[in-house]
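The next block holds one structure in the form of structure tokens; read it before the comments.
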Amino acid sequence: MFAKFKKVMLVFCSGVLVLTAAGCNGSADPVESTGASPTAASTASSSPPSASPSPTAKPTPTPVPGSSKGPAKNWPIPKMPDAAKERTEEGIISFTEHWFDVLEYMYFTNNTRPLKEITLPACDLCARKIIDPADGLAKNGAWSVGGKIKATVTLAVLDSKNSAVTNFRMEQEELLVYSKNGDFYGKLPGTKKPDAGTLVLEYDKGWQVVDLQWLDAK
């Protein structure tokens, strides 16, 4: 969010006092002066402040999908739904769907930070198979393209007030990898059928993933 500063210009008008003097006629006899008759004079005053110009909304940068030229740019970070913050079955379903949205965002942009914010370091599989490889690509100037995800929650269980388990099925499109020079490096094939897995969640000022397990052999 950018702070907007408004400039207000005050315009002051200076009053000018105009005086007129009585003239003389052509008679030799003195003529009593009629006295100076001042015209209506404008008094010094200031005009009211001019209306502040309406701030111009900063245009939203156009999202650019990833390609051999680089990862996606200006891609919006998925916003967590309010429902995903609730300690209910509906809440853990909403959070799980959001987690996969953020995972997809990571594949699109090569930015792991949003996923790390909702995934605990204790999730070993998350680190070894998902986050660390993406960080490795970024460190070497490489990136991934594609990897669109479709995930469906098949079971949501609230174990206790602060822990939950969700089962899911996930489909993913192929993921292409490019080197820092834009050369095609390789690809991760997409799923031929939905992969089944489980997420274990813990609640501490919000849900976070603490473990990931695949129910099918991977």
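Every number in this text was worked out from the coordinates using simple rules, so none of it is lab data. From a predicted model like this one, the values you see are computed outputs, not experimental measurements. Here the Cβ positions follow ideal geometry from the backbone for every residue, glycine too, while neighbour counts run over all protein chains shown.
Tabulated data
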| quantity | calculated |
| --- | --- |
| Enumeration of residues in segment 186-204 that are in a strand (DSSP E or B) and farther than 21 Å from Ser144 by Cβ | Ala196, Thr198, Leu199, Val200, Leu201, Glu202, Tyr203 |
| Where Val153 falls short, out of the listed (1) within 21 Å of Glu104 (Cα to Cα); (2) within 30 Å of the chain's Cα centre (by Cα); (3) not in a strand (DSSP E or B) | (3) |
| Filtered residues of segment 188-218 (kept if touching a residue at least 40 places away in the same chain (Cβ under 8 Å), over 16 Å from Leu103 (Cα atoms), in contact with a strand residue (DSSP E or B) (Cβ under 9 Å, 6 or more places away or on another chain) and among the charged types (D, E, K, R)) | Glu202 |
| Some residue of segment 132-140 being part of a strand (DSSP E or B), surrounded by fewer than 18 Cβ atoms within 10 Å (Cβ to Cβ) and in contact (Cβ under 8 Å) with a residue 24 or more places away in the chain | no |
| Given (1) loosely packed, with under 13 Cβ neighbours inside 10 Å; (2) part of a loop (DSSP other than H, G, I, E, B), index of the condition Pro78 fails | (1) |
| The lone exception for Thr109 - which of (1) surrounded by fewer than 17 Cβ atoms within 10 Å (Cβ to Cβ); (2) closer than 16 Å to Ser67 by Cα; (3) free of Cβ contacts under 8 Å to residues at least 60 places away in the same chain; (4) under 28 Å from the mean Cα position of the chain (by Cα) it fails | (1) |
| Yes/no for Lys193 being loosely packed, with under 14 Cβ neighbours inside 10 Å, within 29 Å of the chain's Cα centre (by Cα) and not hydrophobic (A, V, I, L, M, F, W, C) | no |
